[in-house]
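Taken together, the values in this text are just the output of simple stated rules run on the coordinates, not laboratory data. In this text, all values refer to a predicted model and were calculated from it rather than measured experimentally. For neighbour counting, all protein chains shown are included, and Cβ atoms are generated from backbone atoms with ideal geometry for every residue, glycine included.
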């Protein structure tokens, strides 16, 4: 699963930044086309729902989706063999 | 079925301000209704006038957007004409406490089988930030520029005194607990009243030194006190901090209900 912020719906309230236990959402710095600073995702593959939803078959955590007042946060299925950015931590 | 099927996706994004808590309450209510497994054709959402009452417009079911304060009066009609329908009422604090106060008391007295979700943002948000009956003492609004001098309404106490079957209070920060409370309310026969303290950064927070959404959320989080802790502090005779409100299930009882689904 992949975490997606809908840029059309997001109004930039940064509530998701407050509630995410993994601090995946970070406050953005650049305006988008609608003049709104949307949050940016910091290594979204750490999200427990992204990793484990297929295994458990239910929504895990999901507080960001629940608290988002603009219904902008969703999880979508990845296409097979989608390229991933790999970071090696020392 | 997921909550996306309950929403009118073509109506989104909605008109609420950035950081408004009403969208969160819609999410939680839809998650609760979805968990109940109700059909869309058998569920009716009602609302009065106000920011909160825009909510049924974004929900893909039959809904009634009624006159100011009269959502519960219309809900009485819907429920008595068609007891097989599930009725959920969205109201705000100005809608329910100010102009619809008597309808609320009498709906609680009759113990009508509806679920009332009250989004209490402690101010009239849509009309420009006038003080409402739930504006706390000392809070600054358009009509109380030197600070409100009146005591505020406690809607949950009013519902308990008037005879509602299930009364709970949560905030828009406690999303999981709020969803559970709404599910409990939907399952309870008789009137279930869930008060949700929401943030209004545009009109309430701006004039009360909580301009950012995070400040208002922090206020809700730090001033909420669970009912067991409150009772323990009272029993031990310790002082309750100023401005705190209790959250959690406040009452559950089995008074005879009206209009229960046959």
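Computed quantities for the displayed model
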{"quantity": "Rounded tilt (10° steps) of B:101-110 against the dominant C-alpha axis of chain B", "calculated": "50"}
{"quantity": "Which of A:85, B:79, A:2 has the fewest Cβ neighbours within 10 Å, and the rest in rising order", "calculated": "A:85, A:2, B:79"}
{"quantity": "Sorted by Cβ density within 10 Å, fewest first, the residues B:220, A:60, B:64", "calculated": "A:60, B:64, B:220"}
{"quantity": "Angle in degrees between helix B:175-187 and the longest Cα principal axis of chain B, rounded to the nearest 10", "calculated": "40"}
{"quantity": "CD proxy at 222 nm, helix term only [per DSSP H run n ≥ 4: -39500 (n - 2.57); per residue of the protein assembly as shown; nearest 500]", "calculated": "-8000 deg cm²/dmol"}
{"quantity": "Residue order, fewest to most surrounding Cβ atoms within 10 angstrom, among B:170, A:75, B:6", "calculated": "A:75, B:6, B:170"}
{"quantity": "Spin-label pair residue B:261/residue B:105, simplified geometry with 7 Å Cα→Cβ offset, distance in nm", "calculated": "3.2"}
{"quantity": "Pairwise label distance in nanometres, residue B:206 with residue A:27, each label 7 Å out on the Cα-Cβ vector", "calculated": "2.0"}
{"quantity": "Amide N of the stretch B:154-185 lying under 20 Å from the label point, which is placed 7 angstrom from the Cα of residue A:59 along Cα→Cβ", "calculated": "B:170-185"}
{"quantity": "Distance from the stretch B:24-52 to the stretch A:46-90 (C-alpha centre basis), Å", "calculated": "26"}
{"quantity": "Estimated FRET transfer efficiency (residue A:76, residue B:18; beta-carbon r; R0 25 Å; 0.05)", "calculated": "0.55"}
{"quantity": "Debye equation applied to the C-alpha atoms of the protein assembly as shown, log10 I(q)/I(0) at 0.10, 0.11, 0.14 Å⁻¹", "calculated": "-0.62, -0.75, -1.18"}
{"quantity": "Quarter of Cα convex hull surface for the stretch A:2-76, i.e. mean projection, nm²", "calculated": "4.6"}
{"quantity": "Distance (nanometres) between label positions extended 7 Å along Cα→Cβ at residue B:235 and residue B:80", "calculated": "4.3"}
{"quantity": "Cα-based helix-to-principal-axis angle, B:227-236 vs chain B, degrees rounded to 10", "calculated": "40"}
